[in-house]
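Encoded as structure tokens, the structure appears first; notes follow it.
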Amino acid sequence: MQICTKNEQINANLMGAARAVPHQVGLIKLSKTQLKVLQSIMPGEKVTAEQIAERCELSCSWASTLLKTVWERGYLVRGGHIRENGGVMFFYVNTI
């Protein structure tokens, strides 16, 4: 996934869409920490919150929250399985 640099021109179609529905832009725009999390996952790689917490030096709960937000914005695919002792273990895959 290529990220725009400060001096790079933004695609005119993207700018037009952002102007047409400015209230929706926040739903796709990532914070610096969310972007750091996304960039730490290789395309096609399957990761858990624990792995991301270690890679990005975050708490597991914060990594989990960030992954969920990035998933909700459409940048990741999420799956999960039920743990033997209860609860769900989610995993995320970068499809970009």
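The values are calculated or read from the model by the stated rules, or taken from the named source; none is laboratory data. Fair warning: this is a prediction, and the values are worked out from it, not measured in the lab. Please note: Cβ atoms are built from the backbone with ideal geometry, for glycine as well, and neighbour counts cover all protein chains shown. Only protein heavy atoms, including side chains, enter the accessible area calculation; ligands, DNA and RNA are left aside. Shrake-Rupley method; radii C 1.70, N 1.55, O 1.52, S 1.80 Å.
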Using r as the Cβ-Cβ distance of GLU84 and ASN13, and R0 as 41 Å, what FRET efficiency do you calculate, to the nearest 0.05? 0.25
Rounded to whole Hz and in sequence order, give me ³J(HN,Hα) for region 57-67 from the Karplus expression 6.51 cos²θ - 1.76 cosθ + 1.60, θ = phi - 60°, writing x for Gly and Pro. 6, 10, 6, 4, 5, 5, 4, 4, 5, 5, 4
Taking the full set of protein chains and a 1.4 angstrom probe, give the accessible area of THR69 in square angstrom, rounded to the nearest 10. 30
